[in-house]
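Undergrad: Sharing a structure here in structure tokens format.
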Amino acid sequence: MRRREMLIAAGAAVVGLSARFSFAEEEKEKKAKILFFSRSAGFEHPPIARKGKELSSAEKQLVEWGKAKGYEVVCGKDGALFDGDLDQYDAFVFYTSGDLTGKTRQPQPGGPMSAEGKKKLLEAVRDGKGFVGIHSATDTFHSDGIDPYIAMIGGEFITHGRQQEAVLKVVSPEFPGMEGLDEEFTIHDEWYAQNKFPKDMHVILLQRTEGMEGKMYRRPPYPAVWARMHGKGRVFYTALGHGPRNWDNPTFKQILLGGIDWATRKAGPDVEPNIEKVAPGANEAAK
């Protein structure tokens with residue numbers, strides 16, 4: 001190769017390398033965009049209840065937490081959002097209840113989710129978008145069998161007892177958001193009894209049932225916080241977050257933000273199933 005040709009080739013390689021570095025830096029600095037969806041067709045929990053056009057307390061908090069973490073958080077209750085462009089979002093955070101394609105008990109901004117919108121959501125997650133469910137997100141889209149949404153999120157709400165303190169056991173200490181937590185710790189919330197847990201679930205926090213008040217808890221320990229892979233998408237769920245006092249708890253904030261970091265691929269690897277090892281009786285009915 002002549003000297004001139006060698007210099008041209010070397011120059012092109014440097015330009016190409018610089019462009020790749022520039023693109024990588026741009027991708028690194030790009031904020032992940034999250035849709036916080038809180039439509040309630042069933043019971044609307046206090047943290048997501050709006051007063052007029054003002055955002056709810058949970059929406060305001062997640063927007064602020066997102067800014068501090070480098071996320072752009074968009075809040076909405078209109079089901080028509082899922083008929084639009086879902087590619088713009090890196091993850092979806094759901095604090096929802098009931099059949100989102102039907103009528104609501106309380107007035108809600110916008111209209112219901114369409115059947116096509118629900119399908120688009122599930123396809124988006126399967127194709128690689130992140131999904132984070134909070135508290136009543138498992139009290140959403142019930143059916144006699146296993147609804148596709150329930151199959152995606154990884155569990156279904158049955159009932160709950162009174163709000164009380166309960167013990168959670170950390171069974172996945174390396175998961176984002178578990179930093180500094182004791183192996184077992186006590187926290188106050190409204191505890192869901194749930195079932196329809198799949199075999200491919202990765203349990204993060206285990207719900208200890210010994211000493212809990214309520215016949216629905218007379219069962220073996222079961223998952224309270226978990227993660228799973230849904231196709232290419234990362235799905236995270238926390239049963240915590242019933243009331244405003246729970247949202248003001250720094251432990252809840254740490255757990256939720258850790259889950260969002262994982263779902264958006266900001267932290268942690270893909271997870272392996274562990275439910276049959278750490279919670280073999282998870283799907284056993286209450287006695």
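Undergrad: If you take every DSSP beta bridge fully contained in the range 29-278, what fraction is antiparallel? Give it as a percent rounded to 5. If you can, show how the numbers build up before the last one.
TA: Details: 25 of 45 bridges.
Beta bridges within the range 29-278, antiparallel portion: roughly 55 percent.
Undergrad: How do 173-186, 254-267 rank on mean C-beta neighbours within 10 Å, highest first? The partial results should precede the final answer.
TA: Values: 173-186: 14.0, 254-267: 22.1.
Result, highest mean first: 254-267, 173-186.
Undergrad: How large are Rg and Dmax for the range 29-278 when calculated on the C-alpha trace, in angstrom?
TA: Rg, Dmax (Cα atoms, Å): 16.7, 50.
Undergrad: Compare the peptides 241-247, 231-237 by average per-residue count of other Cβ atoms within 10 angstrom and give them in order, highest first.
TA: 231-237, 241-247
Undergrad: Given 0.36 nm per residue, what is the gain on full extension from ARG162 to ALA286 after removing their alpha carbon distance, in nm?
TA: On the way: separation 124, 0.36 × 124 = 44.64 nm, distance 1.60 nm.
Stretched out fully, the ARG162 to ALA286 stretch lengthens by 43.0 nm.
Where a number appears in this text, it was derived from the coordinates with a stated rule and is not lab data. Because the structure is predicted, anything quoted here is derived from the model rather than measured. Note that we place each Cβ from the backbone using ideal geometry, even for glycine, and neighbour counts take in every protein chain shown.
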